[in-house]
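Since the structure comes first, as structure tokens, the remarks are kept for the end.
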Amino acid sequence: MRRSERDLAKAARVTTRRSLLLGGMMTSVVGVLGFRMWQLGVRDAEEYYLLAEENRINLRLVRPDRGRIFDRAGKIVADNEHTYRITLVNEEARDVDDVLAKLQRLLGLTSEDIDRIREQLDRVRGFVPVTVKDRVTWEELSIIALNTPALPGVHPEMVLSRVYPFGPDFAHQVGYVGPVSDSDLTAKDGEPDPLLRSPDYQIGKTALERIHERALRGEPGAQRVEVNAGGRTMRELALDPPTPGSDMQITLDHHLQNFMRVRLEGQSAAAIVMDVTNGDLLGCTSAPAFDPNLFVRGISSKDYSGLRDSEFRPLADKTVQGAYPPGSTIKMSNALAALESGVMDPAETVTCNGYVEISGRRFHCWKSGGHGRVDMVGALRQSCDVYFYEVAQRIGIDGIFAMNDRLGLGQKYDLPLSGMVHGNNPSRAWKQERYGQDWLIGDTINASIGQGFTLTSPIQLATMTARLASGTAVLPRLVRPLGGASPGEPAPVSLGLSAEALAIVRQGMFEVSNHERGTAYASRIADVTKAMAGKTGTSQVFSITAAERAAGVRSQDELPWNRRDHGLFVAFAPFDAPRYAVTVVVEHGGGGSTAAAPIARDIMLFAQHGGLPPEDAYPTAQRARIREDLAQLSERILPPDGVTPITVSRT
């Protein structure tokens, strides 16, 4: 049936409206899509390009090699060793729970390990790697590498870790590194070094490792790598290499250092050997020591408690942190003060009856029966207290203070060692400031024999001895330029003391060790070419009361260990051409002549011979015993060539 024109016109109008509606809708959709494509492709193109690049390119921090530390002969005393570890980056792991479950099966992790990892992931930012397992084996590393596509965010890595080849020999001087703590992350200015946020990064904690941390650390590099959708590294795009930390060389000699540590075993003590010509510390030992390797990855609570709670204080560096009354080792300073001021002639004698009364108080000599009439050399030789009480009254505390200061007592030296003490060289002003009291004559008398307020550290006593031996203001030194001394290095300046005064004091020290009435005669050196000049010292830990003295003073062996006197000995050798200064302090050793002097002699002979000395360096009557002692020491010390020296240079 043929449709009418009216019906056709009506149908055409309906079709036109539908077409327009559909066309408008399609135009709108196309317009929206076009606008969105313009947004993505033109207006926001750079932003999305960068997002795509960041998704495809990873920027990784490259750790620098930590600088190595060498002894004076070129032996490595702080090195780096290669180890393997597995890390996890939270942002890169699509499902952390799934990844951890797989890692637990592959690496045999315990539930405690998983809890530790989760705790670390919660503490750090999402892009900071967290160590899953440290020091993994090659087999474990290979397993993780093969399964990397199924472990997004997991990275097997090779890293360097600090190691101390000689264990306890340099523990107090080189120090150790340990994990970064929250306090280490507290930067003084701005954000801390990004390296410190690296997983298991190690930072210097004590001594040279801490004080020279910035130089040893170096500067990090950056690596840009391309990764696929599974997180596997496809290729390296660019590498800005890190700057290695600076190597350092110390003045200590390992062979001597090892011998000193072994010789001091069983004691709570400190010993120092200094080159009197330039101040180099050739040996510097605090006993007992500890193994710094225990601290590198974080020491266990059990190990730390054992070190912390020991009455011998192995964590303390007694060479610079110990402050002791110097006892009679300070008498050379008083003798020099008297000679330089002209208040006492060295030939003048003083009568010692065992005590002297001053201002109504009785001050005793260590020898109850007295020494009779003694001159200055004799007073040093026999360590007569009464003689130096007379010296003290003539020079006064001002003279004592000035000469002590001139010889380096009561000073803090520029050494990269932790917790150095100033000691105390007391004066009138110091007592007034500290106690609000005037200085008394009794204070001067006590100061004259190294008691009372006077405190010194072993490093100060070693410096004093080196200055007495050389006549120069030598300063202790632990770090030296790589390869040795720098050309044109200035020599220590003169102390300005008269040669005559120094000669008298040195003669007194010589007779201490070499005169049959000397307090250290039993510890003399038989070889006259290596003869030692020294001075004993005994410092009281507790004062002897009048009642105790009347009842009879108990011997040191009868007292508890922590109430016994400290034993001290200082010396230099060879006497005719001084090269070495030695200081030994034995805590609660009971006496300088019995506890410290024999140790000092062994150390001095070892330093002069460059190894264990021959038997004929000792007195004939002692050689049978010495033979056994040397044999035992030979079994316990390392041979001089136990570690091959290497060239101290950075390629």
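The values are calculated or read from the model by the stated rules, or taken from the named source; none is laboratory data. This is a predicted model, so every value here is computed, not measured. Reconstructed Cβ throughout: ideal geometry from the backbone, glycine too, with neighbour counts over all protein chains shown.
For the criterion of being among the polar types (S, T, N, Q) and modelled with pLDDT under 95, Ser286 fails. Just one of (1) at pLDDT below 85; (2) surrounded by fewer than 19 Cβ atoms within 10 Å (Cβ to Cβ); (3) of a type outside the set (D, E, K, R) fails for Asn80. It is (1). Looking across the range 502-541, just one residue is surrounded by fewer than 18 Cβ atoms within 10 Å (Cβ to Cβ) and closer than 20 Å to Gly408 by Cα, and that is Ala503. On the basis of being of a type outside the set (A, V, I, L, M, F, W, C), assigned to a helix (DSSP H, G or I) and either buried (at least 23 other Cβ atoms within 10 Å of the Cβ) or more than 27 Å from the chain's Cα centre (by Cα) (or both), does Thr583 make the cut? Against the criterion (of a type outside the set (A, V, I, L, M, F, W, C), assigned to a helix (DSSP H, G or I) and either buried (at least 23 other Cβ atoms within 10 Å of the Cβ) or more than 27 Å from the chain's Cα centre (by Cα) (or both)), Thr583 does not qualify. Please tell me if Gln460 is within 26 Å of Ser427 (Cβ to Cβ), assigned to a helix (DSSP H, G or I) and among the polar types (S, T, N, Q). When the stated conditions are applied, Gln460 passes them.
At pLDDT 95 or above, within 26 Å of Met376 (Cα to Cα) and either outside the structural domain of Ala473 (by TED's automatic domain parsing) or part of a helix (DSSP H, G or I) (or both): does that describe Val512? Please lay out each step first, then the result.
Working: at pLDDT 95 or above: yes; within 26 Å of Met376 (Cα to Cα): yes; either outside the structural domain of Ala473 (by TED's automatic domain parsing) or part of a helix (DSSP H, G or I) (or both): yes.
Criteria met by Val512.
Specify which of the listed residues (Ser543, Ser539) is at pLDDT below 95 and in contact with a Leu (Cβ under 9 Å, 6 or more places away or on another chain). On inspection, the qualifying residue turns out to be Ser539.
Only a single item in (1) under 39 Å from the mean Cα position of the chain (by Cα); (2) surrounded by fewer than 18 Cβ atoms within 10 Å (Cβ to Cβ); (3) of a type outside the set (D, E, K, R) is not met by Met403, and it is number (2).
Taken as a whole, the structure leaves Val356 outside the set of residues that are in the same structural domain as Gly442 (by TED's automatic domain parsing), modelled with pLDDT of 95 or more and touching a strand residue (DSSP E or B) at 6+ places or on another chain (Cβ under 9 Å). Of everything listed in (1) of a type outside the set (D, E, K, R); (2) modelled with pLDDT of 80 or more; (3) more than 33 Å from the chain's Cα centre (by Cα); (4) assigned to a loop (DSSP other than H, G, I, E, B), the single unmet condition for Phe127 is (2).
Give the range 211-233 a look and list any residue that's among the polar types (S, T, N, Q) and modelled with pLDDT of 65 or more, or say none. The answer is Gln223, and nothing else. For Asp375, the conditions (1) surrounded by 15 or more Cβ atoms within 10 Å (Cβ to Cβ); (2) out of contact with any strand residue (DSSP E or B) (no Cβ under 9 Å at 6 or more places or on another chain) all hold with the exception of (2). The number of residues in the range 329-383 that are hydrophobic (A, V, I, L, M, F, W, C) and more than 16 Å from Ser448 (Cβ to Cβ) comes to 2. Please tell me if Val643 is modelled with pLDDT under 90, of a type in the set (A, V, I, L, M) and surrounded by 12 or more Cβ atoms within 10 Å (Cβ to Cβ). Taking the combined requirement at face value, the residue satisfies it. For the range 563-572, the criterion of being in a loop (DSSP other than H, G, I, E, B) and at pLDDT 95 or above is met by none of the residues.
Residues that are among the polar types (S, T, N, Q), within 16 Å of Thr456 (Cα to Cα) and assigned by TED's automatic domain parsing to the domain that holds Ser359 number at least 1 in the following helices (runs of 4 or more DSSP H) confined to the range 376-441: 385-406.
Hey, can you tell me all the residues within the range 587-597 that are farther than 15 Å from Thr456 by Cβ and under 27 Å from the mean Cα position of the chain (by Cα)? Spell out how you get there, then give the answer.
To start, the set of residues in the range 587-597 that are farther than 15 Å from Thr456 by Cβ comprises 588-591, 593-595, 597.
Of everything in the range 587-597, those that are farther than 15 Å from Thr456 by Cβ and under 27 Å from the mean Cα position of the chain (by Cα) turn out to be His588, Gly589, Ala595, Ala597.
Taken together, Glu340, Glu357 contain a single residue that is free of Cβ contacts under 8 Å to residues at least 40 places away in the same chain, out of contact with any Ser or Thr (no Cβ under 6 Å at 6 or more places or on another chain) and over 20 Å from Val541 (Cα atoms), which is Glu357.
I'd like to know if the range 459-469 contains one or more residues that are modelled with pLDDT of 95 or more, surrounded by fewer than 23 Cβ atoms within 10 Å (Cβ to Cβ) and not aliphatic (A, V, I, L, M).
no
Yes or no: Ala597 touching a residue at least 12 places away in the same chain (Cβ under 8 Å) and aliphatic (A, V, I, L, M)? Criteria met by Ala597. Here Gln173 passes the criteria (1) more than 25 Å from Val99 (Cβ to Cβ); (2) surrounded by 15 or more Cβ atoms within 10 Å (Cβ to Cβ); (3) out of contact with any Cys (no Cβ under 7 Å at 6 or more places or on another chain) except the one numbered (3). Checked against the criterion of being at pLDDT below 85, part of a helix (DSSP H, G or I) and either assigned by TED's automatic domain parsing to the domain that holds Arg261 or over 30 Å from Arg480 (Cα atoms) (or both), the candidates Pro149, Pro199, Pro156 yield just one match: Pro149.
Here are some residues: Gly175, Gly167. Which one is modelled with pLDDT of 85 or more, out of contact with any strand residue (DSSP E or B) (no Cβ under 8 Å at 6 or more places or on another chain) and in the same structural domain as Thr83 (by TED's automatic domain parsing)?
Exactly one of Gly175, Gly167 is modelled with pLDDT of 85 or more, out of contact with any strand residue (DSSP E or B) (no Cβ under 8 Å at 6 or more places or on another chain) and in the same structural domain as Thr83 (by TED's automatic domain parsing), namely Gly167.
Just one of the numbered conditions (1) touching a residue at least 24 places away in the same chain (Cβ under 8 Å); (2) on the phi < 0 side of the Ramachandran plot is not true of Gly153: (2).
Could you pull out the residue among Pro326, Pro244 that is outside the structural domain of Val391 (by TED's automatic domain parsing) and either over 30 Å from Ile203 (Cα atoms) or of a type outside the set (S, T, N, Q) (or both)?
Details: Pro326 fails: outside the structural domain of Val391 (by TED's automatic domain parsing).
It is Pro244.
Thr351 meets the conditions (1) over 19 Å from Ser427 (Cα atoms); (2) surrounded by 15 or more Cβ atoms within 10 Å (Cβ to Cβ); (3) among the β-branched types (Val, Ile, Thr) in every case but one. The failed one is (2).
Checked against the criterion of being touching a Gly at 6+ places or on another chain (Cβ under 8 Å), modelled with pLDDT of 95 or more and surrounded by fewer than 19 Cβ atoms within 10 Å (Cβ to Cβ), the candidates Leu475, Leu455 yield just one match: Leu475.
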